[in-house]
Amino acid sequence: MVREREQSQAKKETQEPSHSPAPPTATTPEGASQTEAPSKPNRPLQVSDFLMLTSSTLVTKAWAYLGLVSHPETGQIHKDLKQAELAIDALDQILTLLKAAGQNVQEFEFQLTNLRINYVSQKEKSS
């Protein structure tokens, strides 16, 4: 009896149409359709691109750990000056590398200066 139910269920599953959506299609110049492939970038992500993205993340984390803006992950204010200092120091080192590679980091240098000023201010308030 159990075996009959299992066979009946298996038969139903093979007969029922799939409810998964069809993949997107594109029309070729000849009019035939084909599945769209994800677009590929013109070039691979360069290390300097990755370092610029990392710099942006470090700026955000430094401001958050200074306790001056809410953390993007939690939406809450949380001050941790050791983490802020680490983010600021890491940003400084990355900007040195990016400048040596010929990248324009002027906006990040401006942010770094502001972070340093605010770090000192927050450190004095904690003392």
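What follows draws every value from the coordinates through simple rules; no lab data is involved. All figures in this text were calculated on a predicted structure; none of them were measured in a lab. Here Cβ is always computed from backbone atoms with ideal geometry, including for glycine, and neighbour counts include all displayed protein chains.
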Run a plain Debye calculation on the range 47-126 (Cα atoms as equal point scatterers, no solvent) and give log10 I(q)/I(0) at q = 0.20, 0.24 Å⁻¹, rounded to two decimals, same order as the q list. -0.82, -1.07
Local charge sum around residue 109 (other residues, Cβ-Cβ under 14 Å, Lys/Arg +1, Asp/Glu -1)? 0
Note, ³J(HN,Hα) from phi for the range 53-66, Karplus 6.51, -1.76, 1.60, rounded to Hz, x at Gly and Pro: 4, 5, 4, 4, 5, 5, 4, 4, 5, 4, 4, 5, 6, 6
Under 5 Å between amide hydrogens, which residues at least 5 positions from residue 67 or on another chain qualify, with H placed 1.01 Å from N in the peptide plane? 78, 80
Please go through the range 66-127 and write out the GluC sites (Glu not before Pro) that DSSP classes as loop and that have at most 11 other C-beta atoms within 10 Å. 73
Fully extended, how many nm does the chain gain between residue 124 and residue 109 (0.36 nm per residue separation, minus their Cα-Cα distance)? 3.1 nm
Please arrange 125, 40, 61 by how many other C-beta atoms lie within 10 Å of their C-beta, fewest to most. 40, 125, 61
Can you tell me how much longer the chain between residue 60 and residue 81 gets when fully stretched, taken as 0.36 nm per residue apart minus their C-alpha distance, in nm with one decimal? 6.2 nm
Taking K and R as +1 and D and E as -1, what net charge do the other residues with C-beta under 14 Å from the C-beta of residue 121 add up to? +2
When only DSSP loop residues count, what trypsin sites (Lys or Arg not before Pro) in the range 74-121 have their Cβ near at most 14 other Cβ atoms within 10 Å? 79
